[in-house]
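This report refers to the structure that appears directly beneath it.
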Amino acid sequence: MELVDRVDLEVRELHRFFQDWFNAKLSRTDSEFGRVLRAWRPPFVLRAPSGEVLGAERLALELYSQFGAFPELSIVVKNLRVEPLNNGLAARALYEEWHVDVGETDCRYCEAWFEIDEQAPNGVRWARLQESRTVGPTNAL
């Protein structure tokens, strides 16, 4: 599978994982959540919409604790574009991440950087993710 296709698949699968995690449709086990840790091995960092920078371990702990916290949440990835970089050794993905929960809709614009890593899910490791939130929640998806 080409790098662009692996990154596309990884973005969609990880967001589906989080939707299922927040909906409590998975088992709350370290083994199940290990999928995230394999995808986000250090030095992964997230720059959240608030501007806060979170490393892989802290972010994973926060997300692990939110198991089942959003039983109605739906996460939709839209307008995903993947660009190969560095002669196909890395890639950048740009996409919209839509959250719909109990009638409220929130959109984040995301830029993610990936590196080839055959030990990671889909053979790619998230290196960096930056999210920017649109102005306030909206009711339109």
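The values are calculated or read from the model by the stated rules, or taken from the named source; none is laboratory data. A quick note: this is a predicted structure, and the numbers were derived from the prediction, not measured. Quick reminder, even Gly has a Cβ in these numbers, built from the backbone with ideal geometry, and neighbours come from all protein chains shown.
Summary table
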item: Hey, residue 140 aliphatic (A, V, I, L, M), modelled with pLDDT under 95 and assigned to a loop (DSSP other than H, G, I, E, B) or not; result: yes
item: Scope segment 39-65; condition of a type outside the set (A, V, I, L, M, F, W, C) and touching a helix residue (DSSP H, G or I) at 6+ places or on another chain (Cβ under 6 Å); matching residues; result: 42, 64
item: Pairs, first over 16 Å from residue 48 (Cβ atoms) in segment 105-118, second among the β-branched types (Val, Ile, Thr) and modelled with pLDDT of 95 or more, C-beta under 6 Å, six or more apart; result: 114/7; 114/124
item: Residue selected from segment 9-25 under the condition in contact with a helix residue (DSSP H, G or I) (Cβ under 9 Å, 6 or more places away or on another chain) and of a type in the set (D, E, K, R), by the criterion surrounded by the most Cβ atoms within 10 Å (Cβ to Cβ); result: 10
item: Whichever residue in segment 27-47 is free of Cβ contacts under 8 Å to residues at least 12 places away in the same chain and not β-branched (Val, Ile, Thr) and, among such residues, is farthest from residue 124 (Cα to Cα); result: 27
item: Any chance residue 125 is surrounded by 15 or more Cβ atoms within 10 Å (Cβ to Cβ) and either over 28 Å from residue 28 (Cβ atoms) or not aliphatic (A, V, I, L, M) (or both); result: yes
item: Restricting segment 39-84 to residues that are among the β-branched types (Val, Ile, Thr) and out of contact with any Phe, Trp or Tyr (no Cβ under 8 Å at 6 or more places or on another chain), the residue that is surrounded by the most Cβ atoms within 10 Å (Cβ to Cβ); result: 82
